[in-house]
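Asks: Got a structure here, written out as structure tokens. Questions coming.
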Amino acid sequence: MFTSGSASRSGAELVTALRARLPTAPLTRFAPAPTGPLHLGHVVNALYVWGLAGALGGRVLLRIEDHDRQRARAENERMILDDLDWLGFSADLYPSSAYRNGPCDGRQSERNQVYLGALAPLIAAGLVYGCQCSRASQAAADPLFQPPSTNPAERRYAGTCRDRGIVPGDGVGWRLRLNPGSEVFDDALLGRQEQDPSLQCGDLLLRDRLGNWTYQCVAAIDDAVQGVTLVVRGHDLLSSTGRQLRLARIAGRATAPEFVHHPLVMKSATQKLSKSDGDSGIRDLRSAGWSAGRVIGCAAALAGLTQASDPLTVQELPKLFGQQAGLE
Ligand SMILES: [Zn+2]
């Protein structure tokens, strides 16, 4: 397996940079989509999330991103919770037990009213319109399109329905008007970034024609509403940041969160690990006799955070970021 993306700072430098920017102990989040079981790529993200939270004296929120009702499965959520418990990743807000007990505010499928409430002022202001375009009909030849380097497959929405007066309701997509303009932010690992979402994705899809909220919409709203101040995620989501900053600001978020986009563990130089890659599935490794410590140690080595894949516990993760375990 390979690592993609570059970490220009050591773990300790990353913590120093974040400490300087975060006025109080941060709230960060681990937010898996229950579209498959956990794999080593998730564990790399989890060790950054829990490691940084520990090093910064912060807390972790567990969010289940089951906004896509066609792809999310309850049995996948149960497997993810089981794997997190087995690995020892325990959340401060919405821990696995909160999900096992039934309804839980961390589960996106139960937050429809939250999203409608957050978007109501935008809809009232005419910033959201209905779109009847199918994915296939969206312009392939678009002279304005700037494909993000981290997401070359992306297509920019050309604005076909912008002035058609379609009310955002059932059976149509909901799009947010995005005026031209750059979003500038400092990734704590990668440095200054500048993205113009109007040139990357065009008017942002918030909800699809089937009524599913999009990842971009609910990630930005949940981060704002839940008070997440530190977003730690993989390099593949770097191009999402400008549009999420824009949406959050339009929806009233006064202070943007800090961002860390960390390197990804890859199956090959061009292929991301996926949930179907059995060789990296956590429950497959567990069945093959791996200990939790060995899985975490292996993920830390793959992420380039350690030289050798010695076993590691969750409690030891802050030391990967320059902190003595247990001192925070
Ligand atoms: Zn359209």
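The values are calculated or read from the model by the stated rules, or taken from the named source; none is laboratory data. The structure presented is a predicted model; accordingly, all values stated were derived computationally and were not measured. Because the Cβ atoms are built from the backbone with ideal geometry, glycine has one as well, and the counts that use them run over all protein chains shown.
Asks: Just one of the numbered conditions (1) part of a loop (DSSP other than H, G, I, E, B); (2) within 16 Å of the ligand (Cβ to nearest atom) is not true of LEU206; which one?
Replies: Here LEU206 clears every test but (1).
Asks: Within the range 149-186, which residues are acidic (Asp, Glu), more than 11 Å from the ligand (Cβ to nearest atom), at pLDDT 95 or above and out of contact with any helix residue (DSSP H, G or I) (no Cβ under 6 Å at 6 or more places or on another chain)?
Replies: Of the range 149-186, the ones acidic (Asp, Glu) are 154, 163, 170, 183, 186.
Those left that are additionally more than 11 Å from the ligand (Cβ to nearest atom): 154, 170, 183, 186.
With at pLDDT 95 or above added as a condition, the list becomes 170, 183, 186.
The answer is ASP170, ASP186.
Asks: Looking at the range 1-97, what strands (runs of 3 or more DSSP E) fall wholly within it and have at least 2 residues that are at pLDDT below 95? Quick ask: steps written out before the conclusion?
Replies: Numbers: elements: 2-4, 27-30, 59-62.
Ranges flagged: 2-4.
Asks: Counting only residues that are among the polar types (S, T, N, Q) and surrounded by fewer than 17 Cβ atoms within 10 Å (Cβ to Cβ), which one in the range 273-294 is modelled with the highest pLDDT?
Replies: In the first step, residues of the range 273-294 are kept if they are among the polar types (S, T, N, Q); the result is 274, 276, 280, 287, 291.
Next, only the ones that are surrounded by fewer than 17 Cβ atoms within 10 Å (Cβ to Cβ) stay: 274, 276, 287, 291.
Numbers: SER274: 63, SER276: 57, SER287: 94, SER291: 97.
Out of the qualifying residues, it is SER291.
Asks: For LEU62, indicate whether it is farther than 30 Å from LEU210 by Cα and under 20 Å from the mean Cα position of the chain (by Cα). Talk me through it step by step, then tell me what you get.
Replies: Values: farther than 30 Å from LEU210 by Cα: no; under 20 Å from the mean Cα position of the chain (by Cα): yes.
Judged against the criteria, LEU62 is not a match.
Asks: Also, quick follow-up: Quick check on this structure: which one of ASP170, ASP186, ASP163, ASP222 is part of a helix (DSSP H, G or I) and either at positive phi or of a type in the set (D, E, K, R) (or both)? Walk me through how you get there before you give the answer.
Replies: Values: ASP170 fails: part of a helix (DSSP H, G or I); ASP186 fails: part of a helix (DSSP H, G or I); ASP163 fails: part of a helix (DSSP H, G or I).
Residue meeting the stated conditions: ASP222.
Listed here are the residues, each with its yes/no results for (1) over 26 Å from GLN307 (Cα atoms); (2) surrounded by 17 or more Cβ atoms within 10 Å (Cβ to Cβ).
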residue: GLU13; (1), (2): no, no
residue: LEU27; (1), (2): yes, yes
residue: ALA33; (1), (2): yes, yes
residue: LEU56; (1), (2): no, yes
residue: LEU61; (1), (2): yes, yes
residue: ARG69; (1), (2): yes, no
residue: ASN76; (1), (2): yes, yes
residue: ILE80; (1), (2): yes, yes
